[in-house]
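I have placed the structure first, in the form of structure tokens, so that the comments after it can refer back to it.
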Amino acid sequence: MRRPLSPALVLALVAALTVSPSTAAADTDIGRPVLPEGDGWASAGGGTTGGAAATAANVFRVSTPAEFRTAIAGDQPKIVYVDGSIDANTDSDGTPLTCDDYAVDGYSLEAYLAAYDPEVWGWEDPSGPLEEARQASQAVQAERIRYRVGSNTTIVGVDDRSEITGMNLLVQNARNVILRNLTFSDTHDCFPGWDPGDGGTGNWNSEYDHVEVSGSRNVWVDHNTFDDGERPGAEQPEYFGRKYEVHDGLLDIVRATDLVTVSWNHFAERDKALLLGNSDGRTTDRGYLRVTWHHNHFDGLGQRAPRVRFGQVHVYNNLYTVSGDLYQYSLGAGVESQLYVENNLFDLRDGHAPGSLLYNWGGTDVTGVGNAFMTGGGGRIAAIDLVAEHNAARPDRPLGEEVTWVPRYTTGVQPVHALRGLERKVGAGLL
């Protein structure tokens, strides 16, 4: 006698019929996986499952900004498949928007440069109608390009063409979020502000990160590509003697965010790239900002790979391509940071030296274990003592080597020689 179908099986069959065939295939392949047990800090605190429990009604395949904004909202478990390229700087009908489309109240860059040139304005902070117009214009763009992710969400690209460009993606006060197999490209600020007091000689500061994780918990960022797209920083002009910086960070993890794993990503050619903790005075970050970085390619970054405040941060099995004129340092040890740097490979190019890899931004101790370097993309791999090299290069900013904690969430630390060729295994399209 044929047995009746169980209620659970009936629901599964209904779900399968509800999802379109293309979505169902993607769902089976890359939508449901969760962070493996023990895989970095995000595996603690109950683990990170994203939208794995989503019902068929909460599985979305999106290809426009409007579809994407709707799909990622709310805290119900959901899977959002990104199909193709989603450009946040487009109108509702798909028409591309330029910076001129966001400008209001008479703002123009030419007028701003003329008004606040230090030879005309001096070295006071900009103020008055043109600065107010810049801020108002920036707010118009922010309304268009800022997108907020709800809790219990997986956002995943369906293939190597899945791209999110021009968007400031906020994982803000959320729980249990997964971002995988996506290219995040060219999140640019049309209206950077001039700060004459920044760094002693002034700087242009922009507003938007590609991804900002703020006040959130249990986040997994895996197999993504982060880059400048059509606006590489090296090609930006200089005004007032400083680079006109239209980009902020690639991935910032701030404001008491906790339990994050960042794995198998490609971070490419950004100056200020990856920030953990955004203020020395934000003591409410104590006990948070626990983040694991493993098997990432930090490729031609100028600084902040990452820069750390407060958190217990495990950086292991990453490949650093240290190159370019913008390069300053890779690992930044900030206030009350607890960096454990293990079995990373530093590929030193363009004359950069081992003493530049670490920088003391007010930290006390850094634990370095099993790290190594090579030169010119190949050749012999040699061991490196990051703290000793830093202290020799910068004796005025010494760091200690006291072991303040030992990581316990890993799926296995590889020997450093296994990192040769890591650049061919990371980033979007390589799940």
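The values are calculated or read from the model by the stated rules, or taken from the named source; none is laboratory data. Remember, it's a predicted structure, so these values are computed and weren't measured experimentally. Note that we place each Cβ from the backbone using ideal geometry, even for glycine, and neighbour counts take in every protein chain shown. Note: areas computed on protein heavy atoms with side chains; ligands, DNA, RNA excluded. Shrake-Rupley method; radii C 1.70, N 1.55, O 1.52, S 1.80 Å.
Worth a mention:
- Segment 252-296 - accessible surface per residue (Å², probe 1.4 Å): 30 Å²
- Rounded, prolate or oblate (a/c below 1.5 giving rounded, otherwise prolate when a/b exceeds b/c) for segment 375-427 by Cα gyration tensor: oblate
- Burial order of peptide ranges 392-398, 134-140 (average beta-carbon count within 10 Å, highest first): 134-140, 392-398
- Highest average first, the peptides 252-259, 306-313, 115-122 ordered by how many other beta carbon atoms sit within 10 Å of their residues are 306-313, 252-259, 115-122.
- Within a Gaussian network of the chain (alpha carbon springs, distance under 10 Å), most fluctuating of 186, 248, 91: 91
- Remark: spin-label model distance residue 127-residue 380 equals 6.2 nm, labels positioned 7 Å along the Cα→Cβ axis.
- Surface share of carbon and sulfur [accessible, 1.4 angstrom probe, percent] for segment 71-138: 49 percent
- Solvent-accessible area per residue, Å², over segment 123-223 with all protein chains present [probe radius 1.4 Å]: 32 Å²
- Accessible surface for residue 92 stands near 110 Å², nearest 10, in the context of the full protein assembly shown (1.4 Å probe).
- For residue 342, the amide hydrogen comes within under 5 Å of the amide hydrogens of 315, 316, 317, 369, counting only partners 5 or more places away or on other chains and with H modelled in the peptide plane.
- Extension gain, residue 85 to residue 283: 0.36 nm times the residue separation minus the Cα-Cα distance gives 67.3 nm.
- In the chain, Cα pairs under 8 Å separated by at least six residues give a relative contact order of 12 percent.
- Placing +1 on each Lys and Arg Cβ and -1 on each Asp and Glu Cβ, with no other charges, gives the chain a dipole about its Cα centre of roughly 2280 debye.
- Once the Cα-Cα distance is subtracted from the 0.36 nm per residue extended length, the residue 105 to residue 161 segment shows a gain of 16.4 nm.
- With every protein chain in place, segment 163-306: carbon and sulfur % of accessible area (1.4 Å): 38 percent
- Based on alpha carbons, the Rg and Dmax found for segment 319-374 are 11.5, 32 Å.
- Among 349, 144, 408, the largest mean-square fluctuation in a Gaussian network model of the chain (Cα springs under 10 Å) belongs to 408.
- For segment 48-140: rounded, prolate or oblate by the Cα gyration tensor [a/c cutoff 1.5]: prolate
- Cβ-based charge dipole, the chain, positive-most Cα from 179, 337, 266: 179
- Most fluctuating residue given options 114, 56, 44, as computed from a GNM of the chain linking Cα atoms under 10 Å: 114
- Rounded, prolate or oblate (a/c below 1.5 giving rounded, otherwise prolate when a/b exceeds b/c) for segment 250-383 by Cα gyration tensor: prolate
- Multiplying the residue separation of residue 136 and residue 92 by 0.36 nm and removing their Cα-Cα distance gives an extension gain of 13.7 nm.
- Accessible surface of residue 243 - all protein chains present, 1.4 Å probe, nearest 10 Å²: 60 Å²
- Taking amide H as placed 1.01 Å from N in the peptide plane, the amide H of residue 337 sits under 5 Å from that of 310, 364, each at least 5 places away or on another chain.
- Only protein heavy atoms count here; on that basis, with a 1.4 Å probe, residue 423 has an accessible area of about 80 Å².
- Averaged over its residues, segment 363-402 has an accessible area of 51 Å² per residue, based on protein heavy atoms and a 1.4 Å probe.
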